[in-house]
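The values are calculated or read from the model by the stated rules, or taken from the named source; none is laboratory data. Everything numeric here is computed off the predicted structure, so don't read it as measured data. Because the Cβ atoms are built from the backbone with ideal geometry, glycine has one as well, and the counts that use them run over all protein chains shown.
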């Protein structure tokens, strides 16, 4: 579905202060669009629940909606053009040893192809 068409539907999005929302707004701006959500929320889980009860179309990563997608409660809308994938970076202080929890976290991130 073209983003221009989707932008005319009732949207349920994260609040503007969130990085995910900023990323979405920047993507829309690249397409010459400004999104005007019907509802703004502070948590991904609420986006899924609001979409599930029919209050609008939510923009979430598939990981947050995997149960609702698997059960058929929600379905994915493919955007045209598709949103580019996001990247994350890991940094640490030079000369400061990482805790066991931090080392395990890095190991999990580096091993998981879906992150």
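Condition check for residue 64 on (1) under 23 Å from residue 20 (Cα atoms); (2) modelled with pLDDT of 90 or more: one failure, at (2).
Taking first residues from region 96-115 that are on the phi < 0 side of the Ramachandran plot and modelled with pLDDT under 90 and partners that are surrounded by 10 or more Cβ atoms within 10 Å (Cβ to Cβ) and part of a helix (DSSP H, G or I), the Cβ contacts under 6 Å between residues at least 6 apart in sequence or on separate chains come to 115/109. Take the residues in region 49-61 that are on the phi < 0 side of the Ramachandran plot and at pLDDT 95 or above; name whichever of them is surrounded by the fewest Cβ atoms within 10 Å (Cβ to Cβ). Within region 49-61, the match that is surrounded by the fewest Cβ atoms within 10 Å (Cβ to Cβ) is 53. If you go through region 66-88 and keep only what is surrounded by 10 or more Cβ atoms within 10 Å (Cβ to Cβ) and more than 13 Å from the chain's Cα centre (by Cα), you end up with 67, 68, 69, 73, 74, 77, 79, 80, 81.
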